[in-house]
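Everything on this sheet refers to the single structure shown next.
The values are calculated or read from the model by the stated rules, or taken from the named source; none is laboratory data. A quick note: this is a predicted structure, and the numbers were derived from the prediction, not measured. Cβ atoms come from the backbone with ideal geometry, glycine included; neighbour counts cover every protein chain shown. The accessibility values were calculated without ligands, DNA or RNA, using every heavy atom of the protein model including side chains. Shrake-Rupley method; radii C 1.70, N 1.55, O 1.52, S 1.80 Å.
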Amino acid sequence: MNSLWHDLRYALRVLAKQPGFTAVVVLTLALGIGANTAIFSVVNAVILEPLPFPESQRLVAVLGTDVHLADIHRAVSYPDFADFRAQNRTLESVAVYDKTTLTLTGSGEPLHIDGNFVSANLFDVLRAQPLLGRTFIASEDQPGTRAAILSHRLWTSHFGANPDIVGHPITLDAQPYVVVGVMPASFQFPLTSQPPDLWITIAAEMVSSSPDPPITSQRDVHFLAAIGRLKPGVALQQADADANAIGAALEKQYPDTNGHVSLALQPEIEAMVGDIRPVLMMVLGAVGFLLLIACSNAANLLLARAAGRRREMAIRASVGAGRGRVLRQLLTESVLLALAGGLLGLLLAVWGTTLLAGLPSLQIPRLAQAGIDLRVLAFTLGVSVLTGVLFGMAPAWHASRFNLFLSLKEGGRANSESKRASRARNGLVVAQVSLAVVLLVGASLLIESMIHLTRQSPGFDPNNVMVFNLDLPDARYGKPEQSAAFFHELLTRVRALPGVQTASAVLPLPMSDDIIRTSFKIEGRPVAKSEQPRVHFRIVAQDYIQTMHIPLIAGRDFTPRDERNATQVVLINETLARRYFPNENPVGKHIQPGVSDSGPDKMREIVGVVGDVHHRNLWQPTDPECYVPYDQAALGAMNIVVRSQGEPMSLLPSIREQVRALDSELPIYKARDMRDYIESSVAQRRFTSMLVSVFAAAGLLLATVGLFGLISYSVEQRRTEIGIRVAVGAERSDIIGMVLHGGITLALVGVGVGLAGTLAISSVLKNQLFGVSATDPMTFAGVALGLVAVAAAACYIPAWRAANADPLVALRNE
């Protein structure tokens, strides 16, 4: 222990005597360690941290698979859920939930509420306890009951943290509800970037305001997310097999509705993370490469420093220090440097983590919880120590191997670098360059992908368009005629406002991540219901195609003649026309999508074909889609789209006045510029490309500095040789060429290794790219040429210095 303290004190004195060297190494390592810590804190919060529920490892998601669409989704129908709950033998309990929107009235201004309707046992599945009152009981799942549980946020912000709120009546969508409980501030479910404000039971969905049966009795309507808890001692594989068997049994029992649907289980945390996991792993890999580059740079600096300390090491050996003792001393110094870099990196990581956690537009679950906890601190400490050993071992090993007699000589060559150390430094520079190539190619491909995405048309013109949502309560607008009358009057008033070009309504809104999908029949092509093709559909008011500037390819748009009692009509997109009516004109033909607001579905005449519109994002191919006129399928919840002559959001106050004039208890919510929806859809990819680009730029800088340092040091070591060459008549261009040749050769080797490594891991990037191949030859060539050019520039300065050095000064040292 005494010797260890002696090593520490000596290391501190040595490093303090070389503040410039110490600062450069610490800053280099801080960059790599800080970036790794920041990204790991996000990975920890999103992926590694257990869900905030008791025994959360037993929570599983019930998934449905649509074999027609090769689509694994988290959606089941209520009848399938009820059968699964009754028949499964491996889950303790299973519950369902889905998002909903509500209007809270009766206490001040009408308030829009983002909520969830849930089966009454959801909180039992989660084993969540309320702060006040109780959770739901089984009887509150029955039609006619209206119970609500408040989130802590809503309880404090709107009800003033009233301790007597339990049992208090509230009005939601013009219906009376009773508050039965308040959840603690720590509770959130679902674990999304926008948590719900309250929960109501699924009883609200068991009553239909139209002639159609309630949605909870329709087996072919998959709209619910399901979560269950494994029984003690039951493995996931066993439970998954049980779910598969139940799904197969339901398929046989209900071939019309379940012929293309199967059931499976997945750990809840994996289902929650979904597509985020590979993105985070890719970014974590990128910062790992950056740390390796930083380690290589630090190791190169230590190797250069070790050559100048041979005499010191020889003196220590001559007074009795063994090789192991010298090795330990040098490793102590490198670990101290790494710990200092880790401490500074931790400060950088705190700033970076705070920045990342404050970006809700990324829509990453639990991102807001990212921070520096014990696991992140342990990660930083472990990375720092490992880094110190990693970059310190090679220099320490080389420094401890010396010839005692030669090292004690006073000659000018006594401290020159050994060939072994020179090869090690060259190898480290090659490693830096190759890692930088991998980062640069990845960043370039992601940037190219973003450029293609920004040029990709969504299928409509989002400029000068604002959107807002209205949700009419069934208590006052339960009949389709009532909803239709309200929206007709509202749109008439909005179109008359100054600055408005046109206005319409749609459900669901493109690029909002909301979809409605159903099966459809084609007249004259009878198939079993389970084999019917699937289609996305939208309900649109008059002038929607014109308002959104969607091209009309064939036929006509909807007109005022397409009212409720007229011939049932439909518009289809190009993809549907191309897939199901190839080489023929679909206008005038009939299809029957599963949509109606009164009675059974009807065959609808195709009156027009419109251009394809992207549903959820810009990179997925468009699906078959149809549009139904609002008058023939009126709903109470719609998105109003308004095209203006100028800045669209400036119209919001005037529009809000018109809504209040029609119904003072209706709040406008989610009022946004349409361009924001498009930006939100690519926000995650844009941020990923930006983050990887920053890491790539840092890697390139470190690699360039490393190459510059190596060539400068090499020139210094060869100054006598260069002086002799100049003295015997070598031209300056010869000296510059000689130095450049050595540096560019190393860069070329590094580029070759890096390109080979990039090809080997190209599959990691494949799913994150759009419009560009993961092995795009132009990108590979551009990065290679650019990096060689940067390497040449980095080598030119020491080459110029060598060519202009006075040979007499160099030879005098001999």
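Scanning for something under 30 Å from ARG277 (Cα atoms), out of contact with any Pro (no Cβ under 7 Å at 6 or more places or on another chain) and either assigned to a helix (DSSP H, G or I) or open to solvent by 20 Å² or more (accessible area, probe 1.4 Å) (or both), does segment 649-661 turn up at least one residue? No, segment 649-661 has no match at all.
When ILE72 is tested against (1) surrounded by fewer than 21 Cβ atoms within 10 Å (Cβ to Cβ); (2) modelled with pLDDT of 90 or more; (3) not in a helix (DSSP H, G or I); (4) not basic (Lys, Arg), exactly one condition is not met: (2).
Name the one entry in ASP197, ASP164, ASP141, ASP173 that is acidic (Asp, Glu) and out of contact with any strand residue (DSSP E or B) (no Cβ under 7 Å at 6 or more places or on another chain).
One residue alone meets the criteria, ASP164.
Scanning segment 634-648 for residues that are part of a loop (DSSP other than H, G, I, E, B) and out of contact with any helix residue (DSSP H, G or I) (no Cβ under 8 Å at 6 or more places or on another chain) yields a count of 3. Of the residues making up segment 218-235, just one is open to solvent by less than 50 Å² (accessible area, probe 1.4 Å) and without any contact (Cβ under 8 Å) to a residue 40 or more places away in the chain, namely ALA235.
Which of the following residues is in contact (Cβ under 8 Å) with a residue 12 or more places away in the chain, farther than 24 Å from GLN658 by Cβ and in contact with a strand residue (DSSP E or B) (Cβ under 7 Å, 6 or more places away or on another chain): SER530, SER519, SER504? SER519 is the lone residue from the list that is in contact (Cβ under 8 Å) with a residue 12 or more places away in the chain, farther than 24 Å from GLN658 by Cβ and in contact with a strand residue (DSSP E or B) (Cβ under 7 Å, 6 or more places away or on another chain).
One residue alone among PRO278, PRO213 is open to solvent by 30 Å² or more (accessible area, probe 1.4 Å), of a type outside the set (A, V, I, L, M) and touching a residue at least 60 places away in the same chain (Cβ under 8 Å), and that residue is PRO278.
Scanning segment 79-109 for residues that are open to solvent by less than 30 Å² (accessible area, probe 1.4 Å) and not in a strand (DSSP E or B), which turns out nearest to GLU55 (Cα to Cα)? Selected residue: THR90. Among the residues of segment 236-275, which ones are of a type outside the set (D, E, K, R), surrounded by fewer than 19 Cβ atoms within 10 Å (Cβ to Cβ) and more than 30 Å from LYS529 (Cα to Cα)? Within segment 236-275, LEU236, GLN237, GLN238, PRO267, GLY274 meet the criteria.
Filter segment 510-566 for residues that are modelled with pLDDT under 85, among the β-branched types (Val, Ile, Thr) and outside any strand (DSSP E or B); which is surrounded by the fewest Cβ atoms within 10 Å (Cβ to Cβ)? Selected residue: VAL527. With respect to GLN456, determine if the residue is in contact (Cβ under 8 Å) with a residue 40 or more places away in the chain and surrounded by fewer than 21 Cβ atoms within 10 Å (Cβ to Cβ). Yes. Among the residues of segment 615-648, those identified as among the aromatic types (Phe, Trp, Tyr) and surrounded by 20 or more Cβ atoms within 10 Å (Cβ to Cβ) are TYR627, TYR630.
For segment 440-455, a residue qualifies if it is farther than 17 Å from LEU759 by Cα and polar (S, T, N, Q), and the qualifying residues are SER449, THR454.
When you look at ALA225, is it within 21 Å of PRO52 (Cα to Cα), small (Gly, Ala, Ser) and not in a loop (DSSP other than H, G, I, E, B), yes or no? It is true that ALA225 is within 21 Å of PRO52 (Cα to Cα), small (Gly, Ala, Ser) and not in a loop (DSSP other than H, G, I, E, B).
When LEU102, LEU126 are screened for being touching a residue at least 24 places away in the same chain (Cβ under 8 Å) and touching a strand residue (DSSP E or B) at 6+ places or on another chain (Cβ under 7 Å), only LEU102 passes.
Could you look through segment 348-377, keep only residues that are outside any helix (DSSP H, G or I), open to solvent by less than 80 Å² (accessible area, probe 1.4 Å) and in contact (Cβ under 8 Å) with a residue 24 or more places away in the chain, and pick out the one that is farthest from PRO52 (Cα to Cα)? Only one residue fits best here, namely LEU359.
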